[in-house]
Each structure stands twice: as structure tokens, then as C-alpha cells.
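K.L.:
I have a structure here, written as C-alpha cells, and I will follow up with some questions on it.
The values are calculated or read from the model by the stated rules, or taken from the named source; none is laboratory data. Quick caveat, the model's predicted, so the values are computed rather than measured. Because the Cβ atoms are built from the backbone with ideal geometry, glycine has one as well, and the counts that use them run over all protein chains shown. Note: areas computed on protein heavy atoms with side chains; ligands, DNA, RNA excluded. Shrake-Rupley method; radii C 1.70, N 1.55, O 1.52, S 1.80 Å.
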Amino acid sequence: MGDVSVKIYDKFSHVLRMESTCNDIGTFRVKRKVEHRDGSSTEQKVPLKKSIYSLYQLFTIMRAANYRYLEFISTFDDHSNELKT
């Protein structure tokens, strides 16, 4: 998905390790209060800012993506016992 990726590693055939990376967090849009030059403010969907204050929002977005991907791969059938004959 562009600058965002989800990687899965199989550690020693026993542990599944998942890793998410994001090189440009501006690809995610969040709803937040926007201050205008005339002094008014509105709530709009805007790109996520690259700051320490956006870490929790980025964490929740990436965690949700990881959970959706884990839910998807949990539907796969396990054929590992069929290969051992």
C-alpha cells in the first residue's frame, strides 16, 4: 500500500512475528479540529501530522491493520500435516 507495509516473519517455524512500517504517515487521514486564519475552527478529515502527538493515532491505525491481516490469514487451511506421509 505505497509507503505502508505489513511484514510477517516465521521464526524457527514456531513463532509468527508481525511488523508494520510507515514511511509517510500523511497517507492516513484523521478527523481533527482545524484552526483557520480568520480565527474560526472546524472539524475536518486531514492528513496525519508527523509529530510525537500523532503516535497514538498512528499506533491505533497500524494495530487495526495488523488485526485485520491476522484475521485474514487465520482463515487459511493448515496443510502441514498432509505433507508428512
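K.L.:
Under a Cβ-only charge scheme (Lys and Arg +1, Asp and Glu -1), can you give me the dipole magnitude of the chain about the Cα centre, in debye to the nearest 20?
P.N.:
440
K.L.:
Could I ask something else about it? LYS33: net charge of surrounding residues, Cβ under 12 Å, Lys/Arg +1, Asp/Glu -1, itself excluded?
P.N.:
Values: positive: LYS31, ARG32, LYS45; negative: GLU35, GLU43.
In short, +1.
K.L.:
Output the 0 to 90 degree angle, nearest 10, between the alpha-carbon long axis of helix 55-73 and the longest principal axis computed from the alpha carbons of the chain.
P.N.:
Helix 55-73 sits roughly 30 degrees off the main axis of the chain.
K.L.:
Find how much the distance from ASN23 to TYR56 grows on full extension, using 0.36 nm per residue of separation minus their present alpha carbon separation; answer in nm with one decimal. Write out the running numbers ahead of the final one.
P.N.:
Numbers: separation 33, 0.36 × 33 = 11.88 nm, distance 1.62 nm.
Extra length from ASN23 to TYR56 when fully extended: 10.3 nm.
K.L.:
In the chain, what percent of the accessible surface is made up of carbon and sulfur (1.4 Å probe, ligands and nucleic acids excluded)? Don't jump to the answer; show the numbers that get you there.
P.N.:
Numbers: 3970 of 7390 Å².
C and S fraction of accessible area: 54 percent.
K.L.:
Further, regarding this structure: In a Debye calculation with equal point scatterers on the alpha-carbon sites of region 18-59 and no solvent, what is log10 I(q)/I(0) at q = 0.20 Å⁻¹?
P.N.:
-0.68
K.L.:
To continue, here is another question. Please list 3J(HN,Hα) in residue order for region 21-28, calculated via the Karplus relation 6.51 cos²θ - 1.76 cosθ + 1.60 where θ = phi - 60°; whole Hz, with x for glycine and proline.
P.N.:
Here the 3J(HN,Hα) series is 10, 9, 8, 9, 6, x, 6, 8 Hz.
K.L.:
While we're here: Top mean-square fluctuation among LEU58, LEU16, LEU48, Gaussian network model of the chain, C-alpha springs under 10 Å?
P.N.:
Sorting by GNM fluctuation, first place goes to LEU16.
K.L.:
With r as the distance between the Cβ atoms of ASP38 and THR75 and R0 = 41 Å, compute the FRET efficiency 1/(1 + (r/R0)^6) and round to 0.05.
P.N.:
0.20
K.L.:
With only alpha-carbon pairs counted, each pair once and no self-pairs, how large is the Kirkwood hydrodynamic radius of the chain in angstroms?
P.N.:
Every distinct Cα pair counted, the radius reaches 16.0 Å.
K.L.:
Starting from the amide H of VAL30, placed 1.01 Å from N in the peptide plane, find each other amide H under 5 Å away whose residue is 5 or more places distant or on another chain.
P.N.:
VAL46, LEU48
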